[in-house]
Structure formats: C-alpha cells, structure tokens
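In what follows, a single structure is set out as structure tokens and then discussed.
What follows draws every value from the coordinates through simple rules; no lab data is involved. All values derive from a computational prediction rather than experimental measurement. Note that we place each Cβ from the backbone using ideal geometry, even for glycine, and neighbour counts take in every protein chain shown.
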Amino acid sequence: MKKLTPKISKKTIALTPPVEEGPYYKPGSPERNNIVGPDTPGKKLVVEGCVMDAKGQPIAHAWLDFWHADGSGAYDNEGFNLRGHQYTDKDGRYHLETVRPHQYLFRTPHIHVKVRAAENSPVLTTQLFFPGEKRNEKDPIFKTRTLMNVEDVPGGQKATFDFVVEI
Ligand code: FE
C-alpha cells in the first residue's frame, strides 16, 4: 500500500519580471502615498495592490519607489514631483495616488517602480503598463506581464497590480 505523505505544495508564483530603469530615476524621493504636486497635468489615478513572495505570502514593510511622467509626458528632473517612495502595510499592501502618465518619444504610457522586500533583498526595477494603449505593441520595452488592471472610477481611474519579488 502506498504510504501517505502530507501534501506540501511546492508551487511557486512567477516573479514579476524586470523592465529597464530608463534615464529618469532619481534616488532620495520623499516618503508619501500622494506624489502629485500642485498644477500637475493629468487625469487622477490610484494604483493599489500588494507585494508578496513567490509563495504568495504578503510582505509587510516592503519598499516601493515610484516615478513617472505627468499627463503631458514630462518628467520632473529638477524636483520630486510624481516621485515618491512608501512601505507596504502589515498586510503587504501599497496605495499610490497620482495622475495618469502620458506617452513620450517612442514610449507607451508607463509607471516606473523599484520594489524591495527588505533592506538586504534584491531590488526589482520594473515598469507598469496600461491595457488598451495603442502604443503598447509598438514600444520595444513594453511587457504584457506587467500590465495593470485598470478601471474607470468617478473622477479618474483605479489600477491594481500585485508584485511578486525575491526576499
Ligand atoms: Fe519612463
């Protein structure tokens, strides 16, 4: 008779793939959830989700650093508008309040982000994309695997994306 062994799942979730950093990252962004300065062009956008490890366990106090272009396709390279870092809550969740970035040069609209589970963990640098953008397929940097889910909400849009990172 076959010996009964406890069933332990070894299944892991695929890690969120990296996407290139691009030329506009600036270290030292302020810690904040709302990264929109006064008079920033762009439609209101909220991005939410969680950071988890490859076993699907949420990671509390993971670091996320966001930066992106404004609603006219411009980056703030002098100051820190549309730049900010934050940490996940006890349930591994993050919440970003921003505006929808516009395309620039050959790029389709995207949000840059760096994510790190803990201080000594590897940093994931990637980009989040919007479904249904005409330029997605023409942008050589675009990845379907980092497409967000986006829905219209009163006053703007709400996007969700869950990150799976190495710990
Ligand atoms: Fe960019």
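Summary table below
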read-out: Among 105-118, 38-51, the order from most to least packed when residues are scored by Cβ within 10 Å on average; value: 105-118, 38-51
read-out: DSSP beta bridge pairing in the chain, given as percent antiparallel to the nearest 5; value: 75 percent
read-out: Inter-probe distance in nm under a simple model that places probes 7 Å from Cα toward Cβ, at Ala54 and Val123; value: 2.2 nm
read-out: Cα-projected label distance for Asn77 with Glu97, points at 7 Å along beta-carbon direction, nm; value: 3.0 nm
read-out: Glu151 paired with Leu15, simple spin-label distance in nm, labels 7 Å along Cα-to-beta-carbon; value: 3.2 nm
read-out: About the Cα centre, charge dipole magnitude for the chain (Lys/Arg +1, Asp/Glu -1 at Cβ), debye; value: 940 debye
read-out: Taking Asp152, Asp76, Asp89 and counting other C-beta atoms within 10 Å, the order from fewest to most; value: Asp152, Asp89, Asp76
